[in-house]
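Peer 1: One structure coming up, written as structure tokens, with questions to follow.
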């Protein structure tokens with residue numbers, strides 16, 4: 001028992017991703033469970049609306065970085081604990097940084113970041129010449145998530161259990177607003193809000209969109225980026241979205257809907273955060289100490305109509321692009337265009353890519369970045385697949401949701 005305490009306290013190092021509602025609970029639980037070396041990474045600042053549930057912050061902290069304030073609070077409250085704060089996107093850290101940790105606990109509120117972290121930890125796993133995994137290269141990922149009165153915790157042991165990507169088809173595909181619909185024939189209040197958002201970000205080019213962008217610059221200053229947590233910015237979008245909705249006789253644009261479209265708001269309940277954080281830290285302790293069998297592999301909590309919890313093993317998907325990286329096999333009509341293939345990559349329930357780039361051996365078919373390559377290859381989007389591919393060709397797909405070096409191979413069968 002003493003050896004376990006010594007290891008947890010002096011030899012293990014834990015990374016907590018996110019210092020929001022779930023992250024505050026995680027940091028508190030880790031410090032009070034004997035962990036002495038903790039890092040926390042979060043790029044957000046504290047808003048007054050956080051104070052009702054993110055209990056490591058106070059009124060005087062509004063405007064400061066969450067990770068820094070959380071680290072200061074824990075170190076002051078629990079002597080002997082070292083908490084190092086990092087105030088940047090997780091994508092800015094390299095493999096060397098992540099290899100320092102014994103376990104990673106994710107308290108993230110967005111799927112994109114969770115997918116990136118999951119993919120990186122799998123990419124870091126080393127194997128010998130016979131394909132056997134080096135256990136020293138495996139860094140466990142404890143993933144926690146909450147939404148109102150529902151929550152989940154899962155244990156991911158890279159290349160041993162199912163990974164986060166294996167469960168992507170359980171998440172609804174992210175909403176993508178067609179630019180042509182938003183710009184020319186809006187039908188829903190969401191389209192009007194998206195129009196203003198696109199105009200501010202210069203994703204649209206027409207006189208009205210230019211006026212919106214210029215109005216934003218005039219009101220908030222040149223070089224100002226849209227801040228989704230700034231009420232003044234949100235009010236600006238709301239008012240202009242109402243004007244556009246009136247123009248097309250569309251009802252239903254509200255301030256709450258505006259925040260929902262722009263921020264993709266997920267409701268937060270403090271008690272749910274506490275339950276899931278407790279489960280995550282308990283699993284981290286078990287994984288590192290071998291004091292008990294770890295969760296296999298998924299814990300679900302639902303407090304909507306009472307107190308209900310359930311555990312089950314999430315199986316590995318044989319076609320998972322991260323932990324079972326074999327070529328996928330897709331059938332496409334030769335008369336379909338490359339744009340149709342792009343649309344399928346983004347809407348596929350398993351992949352749900354955001355900005356895919358496509359290449360085949362020796363030829364880039366469509367590259368999103370840099371802009372020069374995008375302009376050079378965008379003419380291919382309207383070409384028929386039968387004109388640019390042979391049946392059986394293997395295409396390579398990359399996407400910013402995955403770390404550099406991670407790609408998906410798909411064998412295309414043309415009908």
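Peer 1: Among the residues of region 111-151, count how many are touching a residue at least 40 places away in the same chain (Cβ under 8 Å) and surrounded by fewer than 19 Cβ atoms within 10 Å (Cβ to Cβ).
Peer 2: Final tally of qualifying residues: 8.
Peer 1: Would you mention how many residues in region 324-352 are modelled with pLDDT under 90, assigned to a loop (DSSP other than H, G, I, E, B) and at negative phi?
Peer 2: Residues flagged as modelled with pLDDT under 90, assigned to a loop (DSSP other than H, G, I, E, B) and at negative phi within region 324-352 amount to 8.
Peer 1: Given the structure, is residue 278 assigned by TED's automatic domain parsing to the domain that holds residue 147, at pLDDT 90 or above and more than 24 Å from the chain's Cα centre (by Cα)?
Peer 2: No, not satisfied.
Peer 1: While we're here: Please work out which residue is farthest from residue 120 (Cα to Cα), limiting yourself to region 131-161 and to residues that are part of a loop (DSSP other than H, G, I, E, B) and out of contact with any strand residue (DSSP E or B) (no Cβ under 9 Å at 6 or more places or on another chain).
Peer 2: 148
Peer 1: Which count do you get for residues in region 1-30 that are loosely packed, with under 15 Cβ neighbours inside 10 Å and either touching a helix residue (DSSP H, G or I) at 6+ places or on another chain (Cβ under 7 Å) or closer than 22 Å to residue 107 by Cβ (or both)?
Peer 2: Number satisfying all stated conditions: 1.
Peer 1: Further, regarding this structure: Quick check on this structure: which one of 331, 271, 309 is surrounded by fewer than 20 Cβ atoms within 10 Å (Cβ to Cβ), closer than 18 Å to residue 142 by Cα and more than 21 Å from the chain's Cα centre (by Cα)?
Peer 2: 309
Peer 1: Say we look at region 375-414 and pick out the residues that are surrounded by fewer than 19 Cβ atoms within 10 Å (Cβ to Cβ) and part of a strand (DSSP E or B); which of these is modelled with the lowest pLDDT?
Peer 2: 409
Residues are listed down the side, and each one gets a yes or a no for (1) surrounded by fewer than 22 Cβ atoms within 10 Å (Cβ to Cβ); (2) over 25 Å from the mean Cα position of the chain (by Cα); (3) free of Cβ contacts under 8 Å to residues at least 60 places away in the same chain; (4) not assigned by TED's automatic domain parsing to the domain that holds residue 280:
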residue: 32; (1), (2), (3), (4): yes, yes, yes, no
residue: 45; (1), (2), (3), (4): yes, no, no, no
residue: 51; (1), (2), (3), (4): yes, no, yes, no
residue: 61; (1), (2), (3), (4): yes, yes, yes, no
residue: 67; (1), (2), (3), (4): no, no, yes, no
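Peer 1: Can you tell me which residues in region 232-256 are surrounded by 12 or more Cβ atoms within 10 Å (Cβ to Cβ) and either closer than 20 Å to residue 43 by Cβ or modelled with pLDDT under 90 (or both)?
Peer 2: Result: 233, 234.
Peer 1: Next up: Any idea which of 274, 241, 284 is within 30 Å of residue 32 (Cα to Cα) and in contact with a helix residue (DSSP H, G or I) (Cβ under 6 Å, 6 or more places away or on another chain)?
Peer 2: 274
Peer 1: Something else about it: Scan region 250-261 and tell me whether some residue there is touching a residue at least 60 places away in the same chain (Cβ under 8 Å), under 22 Å from the mean Cα position of the chain (by Cα) and farther than 30 Å from residue 185 by Cα.
Peer 2: No, that holds for no residue.
The values are calculated or read from the model by the stated rules, or taken from the named source; none is laboratory data. Everything numeric in this text was worked out from a predicted model, so none of it was measured. No Cβ is skipped: glycine too gets one built from the backbone with ideal geometry, and neighbour counts run over all protein chains shown.
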